[in-house]
Amino acid sequence: MSVADLRSQIPDYAKDLKLNLDTVLSEAGAPGLNLAQIAMVALGAAYSTRYKPLTQAIAAFAAEHASAEQVTAAKGSAAIMGMNNIYYRFQHLVSHPEYASIPAKLRMNVIGAYKGDAKNDFELVSLAVSAVNGCGMCIDSHDKVLRDGGISVQAIQSAVRIASVIHAVGVVLEQAESAG
């Protein structure tokens, strides 16, 4: 399934999502990001929705615009953020201060596996997935790393816009599918 096929399945009541999907998956609609970064962010966000048809369509899009290494990085980011976003959201929300002093004791080697531009790309995906998963601590952390790495606020906003549209499309399509 392609993104165009997916787009055609979006119900009329969600017409804005149809329009936004086309926009955010383009360089003109995602200022500060190149097509490979757009594809990586979209793929990470799609994995976060857990809606298989969307993930498959975005994976096909990503295969056209990102290298195999970039696709693997996007998948790795979605995987590690699936874990970290839960843990650190708990740590942020729990009122007992002792939890903040206890080591996480969770392996996160993939976070340090990338350097330079690849690190920034990984962080863009991590930020987008963290936004979908609602982890404020992770959002703050990735935003800081990205800005310190020279990524513009506009590019960071573009990544979150992509994630928000991908997430909404996944929710709408899953609901339309289950409504029969």
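Can you tell which of Ala14, Ala42, Ala78 shows the greatest fluctuation in a Gaussian network model of the chain with Cα springs below 10 Å?
In this elastic network of the chain, the residue with the biggest mean-square fluctuation among Ala14, Ala42, Ala78 is Ala14.
Cα-based count: Lys pairs in the chain below 24 Å, eight or more positions apart or different chains?
For the chain, the number of qualifying lysine pairs is 12.
Of the candidates Ala46, Ala100, Ala66, which one comes out as most mobile in a Gaussian network treatment of the chain with C-alpha springs shorter than 10 Å?
Sorting by GNM fluctuation, first place goes to Ala100.
Per 5 Å bin, what percent of the C-alpha pairs of the range 16-85 does each bin hold, from zero upward?
3, 18, 26, 27, 17, 7, 1
Which whole-Hz couplings ³J(HN,Hα) result when phi for each residue of the range 135-141 is put into the Karplus expression 6.51 cos²θ - 1.76 cosθ + 1.60, θ = phi - 60°, listed in order with x for Gly and Pro?
9, x, 4, 5, 4, 4, 4
Can you compute the FRET efficiency between Gln56 and Glu177 using 1/(1 + (r/R0)^6), with r the Cβ-Cβ distance and R0 = 22 Å? Round to the nearest 0.05.
Details: r = 14 Å, r/R0 = 0.62.
Using R0 = 22 Å, I get an efficiency of 0.95.
Can you pull out the trypsin sites (Lys or Arg not before Pro) in the range 1-109 that DSSP calls coil and that have at most 16 other Cβ atoms within 10 Å?
Working: sites: Arg7, Lys15, Lys18, Arg50, Lys75, Arg89, Lys105, Arg107; in loops: Arg50, Lys105, Arg107.
Here the trypsin sites (Lys or Arg not before Pro) that fit, given the DSSP loop and packing criteria, are Arg50, Lys105, Arg107.
With viscosity set to 0.890 mPa s and temperature to 25 °C, compute the Stokes-Einstein D of the range 105-180, Rh being the Kirkwood radius across alpha carbon pairs; µm²/s, no decimals. Intermediate results must be reported in sequence, preceding the final value.
Details: Rh = 13.6 Å.
My calculation gives 181 µm²/s for D.
What residue among Pro97, Pro11, Pro31 has the largest mean-square fluctuation in a Gaussian network model of the chain, using Cα springs under 10 Å?
Pro97
Can you pull the Rg over Rh of the chain, Cα-only, Kirkwood?
Values: Rg = 16.3 Å, Rh = 16.5 Å.
Expressed as Rg/Rh, it is 0.99.
Bear in mind that the values in this text are calculations on the coordinates, not laboratory data. Just so you know, these numbers come straight off a predicted model, no measurement behind them. Note that each Cβ is placed from the backbone with ideal geometry, even for glycine, and that neighbours are counted across all protein chains shown.
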